[in-house]
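See below for the structure under consideration.
The values are calculated or read from the model by the stated rules, or taken from the named source; none is laboratory data. As the structure is a prediction and not an experimental result, all values here were calculated from the model. Note that we place each Cβ from the backbone using ideal geometry, even for glycine, and neighbour counts take in every protein chain shown. Accessible surface areas use protein heavy atoms only, side chains included; no ligands, DNA or RNA. Shrake-Rupley method; radii C 1.70, N 1.55, O 1.52, S 1.80 Å.
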Amino acid sequence: PIMIYVVIQFSCIIYLMFNAQYEYFGFIEIALVHLALLIGLIAVFNMKFNNLNITPGLKQNHQLRTSGIYQFIRHPMYTSVLLFCLALMLSNAHHFSQGVMLILFIDLILKSNLEEKLLTKRFKSYPAYQQKTGRFIPFL
């Protein structure tokens with residue numbers, strides 16, 4: 001059942017990638033893609049590759065990251081995905097693409113909820129960290 005989050009996430013991303021109209025990318029879409037790439041790269045650099053996991057679970061040696069971009073956003077990789085997919089959806093914003101974007105957003109909320117339950121069980125300091133940082137958007 002945990003893999004369903006990953007299947008839904010990647011299905012939405014693939015749909016949006018194949019249905020985007022790249023020729024209609026304007027300043028906003030290009031800016032969103034660049035911001036998504038920047039946030040994603042910073043998150044991977046801050047997380048370290050041994051902590052990276054696409055499934056909503058924790059590795060045995062998982063370490064809680066609260067510095068770098070993680071001092072502002074608890075799930076910057078999801079922020080990156082959402083910004084990238086928003087750019088794709090804006091280039092071809094028909095109702096079905098908007099629905100797929102909504103499904104992706106809900107999926108990432110549910111996936112992050114599960115991850116946060118696991119992190120709270122593993123790390124006593126996690127609830128205090130949650131209070132200081134935004135889930136996907138800094139200061140929110």
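Any residue at all in region 21-34 that's within 12 Å of LEU83 (Cα to Cα), within 13 Å of the chain's Cα centre (by Cα) and either touching a residue at least 24 places away in the same chain (Cβ under 8 Å) or open to solvent by 60 Å² or more (accessible area, probe 1.4 Å) (or both)? No. Restricting region 119-133 to residues that are over 25 Å from MET3 (Cα atoms) and outside any helix (DSSP H, G or I) leaves a set whose member that is least open to solvent (accessible area, probe 1.4 Å) is THR133.
Table: residues versus (1) open to solvent by less than 60 Å² (accessible area, probe 1.4 Å); (2) touching a residue at least 12 places away in the same chain (Cβ under 8 Å).
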| site | (1), (2) |
| --- | --- |
| MET47 | yes, yes |
| ILE54 | no, yes |
| LEU88 | yes, yes |
| GLN98 | no, no |
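Here PRO138 meets each of (1) surrounded by 15 or more Cβ atoms within 10 Å (Cβ to Cβ); (2) of a type outside the set (Val, Ile, Thr); (3) within 16 Å of the chain's Cα centre (by Cα) with one exception, condition (1).
Taking LYS111 as the residue in question, decide whether it is more than 15 Å from the chain's Cα centre (by Cα) and within 29 Å of GLN131 (Cα to Cα).
no
When LEU58, LEU104 are checked against the criterion of being assigned to a helix (DSSP H, G or I) and not β-branched (Val, Ile, Thr), LEU104 stands alone in meeting it.
When region 100-118 is limited to residues that are without any contact (Cβ under 8 Å) to a residue 40 or more places away in the chain and hydrophobic (A, V, I, L, M, F, W, C), the one that is least open to solvent (accessible area, probe 1.4 Å) turns out to be ILE109.
Scanning region 57-77 for residues that are of a type in the set (A, V, I, L, M, F, W, C), open to solvent by 50 Å² or more (accessible area, probe 1.4 Å) and under 17 Å from PHE10 (Cβ atoms) turns up at least one hit.
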